[in-house]
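For reference, the structure discussed in these notes is given below.
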Amino acid sequence: MPIATVDPATGETIETFEPLPSDQVRQRLATAGAAHERYRTTGFAERARLLNRAADLLEQDTADIARTMTTEMGKPVKAARAEAAKCVKAMRWYAERAEGLLADEHPDAADVEDSGASRAVVRYRPLGVVLAVMPWNFPLWQVIRFAAPALMAGNVALLKHASNVPRTALYLQDLFARAGYPDGCFQTLLIGSDAVEDVLRDRRVAAATLTGSEPAGRSVASTAGDEIKKTVLELGGSDPYLVLASADVERAAATAVTARVQNNGQSCIAAKRFLVHTDVYDAFRDRFVAGMRELTVGDPMDEDTDVGPLSTEQGRADLEELVEDALGRGATALCGGTRPKEQERGWFYAPTVLADITPQMRIHREEAFGPVATLYRVADLDEALEIANDTPFGLSSNVWTRDEAEMTRCVRDLQAGGVFFNGMTASHPGLPFGGVKRSGYGRELSGHGIREFCNATTVWYGAGG
Ligand code: NAP
């Protein structure tokens, strides 16, 4: 994939970039290694000062960087501004909390004595240079939610961003430099995915995090496994959205629209499969379909747009294939199911609801990365759970119910990294984020996220120590 800014609303190529030559990649690796040797000895106060400064700068830059993101990947510009604001919040959150989250842990006195120590502590030390392979769908947020905790823990970062968001990738490097981070603490490598393996195998790289598709995750995890390097993987999702008999159907339907089409439908934690109890199915379906029909599809720079184009031409072709496969096998399009007629240029797709889904359809098990919902009528919670779990993915899940017993059952039985009741899945700095099954492993955000790239060091003092 060429490294280029191509406007998905028009298909126009705005700027192309040459990949960084391998000698310059090696140079950046050396710079990163040297930077870590110095940066790892800094204290939390200094790291917090730098991160807060970066947050202030990002806050000032919001309008500009939001337009850059919209130009590169098509998200509505108001959503792009909200993404920048979310990043600022997470940076400040980690600047304030990291020291507490990584404070020394003191094992139980009885266990310390049992180990023969006079005292013992667990200290969280940084791992070193961490390679971040990131996707285009939240081009700022995906990077910041890794970088803020990683930098506060004393690691340094190398970013290999998706090839269609090079300007955002370069902005991030510039942001950290302007904030005063020492040279090499955060570097962007404009490289293709074929150059990732060599970087990951470099002895100066200690670990990697990847957010993206399953093939990309498998490739990076295989190399890292071969090198015995730590990885965190945040991969795809096909989150279920259960609407049970006691649900507030009106709120459930209104939230369902946002949950499905946020970020033009290209969010890993978007609700994608809607499993609705037969008692409330008709009421939910009518409201949900009406809400999807009312969305404004169009120019993502327009403040009134709800749904912009898909980010790449290939992404739209993949989505069209999934829909056509389902329609060909008997699914019904309650709305959408085609490209919108109004947009002649760009990679738009109409908000779509498909009913009459069967397990033979690809969309039953594959991720629909665009504004396409699948709707299922279920007889009871047992059937809802069975369909919800009948997927290779396990990122998050959403359940609408007022019944405590159903909530308990869902927490016990849903195969997912999150269960959100009476609302939609979203990421928050203070709550862990991540999945199970083919959605990946490890966690981002909260204390769990910051400890992923730490060496939990056992410090043991013998008698007299
Ligand atoms: P992708 O193709 O996997 O790209 C993601 C990143 O991985 C890009 O930087 C890409 O570089 C790189 N990459 C691709 N193949 C690679 C390989 N073989 N080795 C090393 N790096 C490789 O993902 P996408 O299709 O753009 O993004 C959508 C997917 O990401 C969806 O499945 C979505 O659910 C998932 N996602 C997950 C989360 C989460 O938190 N779980 C969040 C957002 C998105 P190039 O651009 O140069 O190819």
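Values quoted throughout were computed directly from the atomic coordinates according to the rules given, and no laboratory measurement underlies them. Please read all numbers here as calculations on a predicted model, not as lab measurements. Every residue, glycine among them, receives a Cβ derived from its backbone with ideal geometry; neighbour counts consider all protein chains shown.
Values for this structure:
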read-out: Hypothetical label at Arg362: residues of the stretch 322-350 whose amide nitrogen lies under 18 Å (7 Å Cα-Cβ projection); value: 322-333, 337-339, 349-350
read-out: Charged-residue dipole, Cβ positions (Lys, Arg, Asp, Glu), the stretch 232-302 about Cα centre, Debye nearest 20; value: 160
read-out: Charge dipole of the stretch 1-88 about the Cα centre (unit charges at C-beta), most positive-ward option of Val77, Pro19, Gly43; value: Gly43
read-out: Using a Förster distance of 41 Å, the FRET efficiency for Glu294-His448 (Cβ separation, nearest 0.05); value: 0.60
read-out: Low-density loop positions, trypsin sites (Lys or Arg not before Pro), the stretch 400-465 - DSSP coil, at most 16 other Cβ in 10 Å; value: Arg402
read-out: Total charge dipole magnitude, the chain, about the Cα centre, Cβ charges on Lys, Arg, Asp, Glu only, Debye to nearest 20; value: 1100
read-out: Dipole axis of the chain (+1 Lys, Arg; -1 Asp, Glu on Cβ), positive-most option in Gly449, Asn164, Met292; value: Gly449
read-out: 222 nm mean residue ellipticity, helices alone, for the chain (DSSP H n ≥ 4; -39,500 (n - 2.57); rounded to 500); value: -13500 deg cm²/dmol
read-out: In order through the stretch 146-151: 3J(HN,Hα) via Karplus (6.51 cos²θ - 1.76 cosθ + 1.60), integer Hz, x for Gly, Pro; value: 7, 5, 4, x, 4, 5
read-out: Within the stretch 310-366, trypsin sites (Lys or Arg not before Pro) in DSSP loop having at most 16 other beta-carbon neighbours inside 10 Å; value: Arg329, Lys341, Arg345
read-out: Folded to 0 to 90 degrees: helix 249-261 orientation relative to the chain principal axis, Cα; value: 60
read-out: Extension gain (nm, one decimal) between Ser213 and Glu342, 0.36 nm per residue minus Cα-Cα; value: 43.4 nm
read-out: Sequence-separation-based contact order of the chain, relative, with Cα cut under 8 Å and 6+ spacing, percent; value: 20
read-out: Candidate lysines for bridging to Lys86, where Cα separation is under 26 Å - those fewer than 8 sequence places away on the same chain excluded; value: Lys75, Lys78, Lys160, Lys272
read-out: Low-density loop cleavage sites - GluC sites (Glu not before Pro) in the stretch 260-349, where at most 14 other Cβ are within 10 Å (DSSP); value: Glu303, Glu342, Glu344
read-out: The stretch 239-429 - convex hull of alpha carbons, volume per residue in Å³; value: 118
read-out: About the Cα centre, charge dipole magnitude for the stretch 32-147 (Lys/Arg +1, Asp/Glu -1 at Cβ), debye; value: 600
read-out: Calculated SAXS-style log₁₀ I(q)/I(0) at q = 0.08, 0.10, 0.13 Å⁻¹ - the chain, Debye, Cα scatterers; value: -0.49, -0.75, -1.19
read-out: Label-point separation in nm, Ala30 to Asp403, each point 7 Å along Cα→Cβ; value: 6.7
read-out: Summed residue charge, Cβ within 11 Å of Thr305's Cβ, Lys/Arg positive, Asp/Glu negative; value: -3
read-out: Cα→Cβ-extended label distance, 7 Å offset, between Thr457 and Glu12, nm; value: 5.5
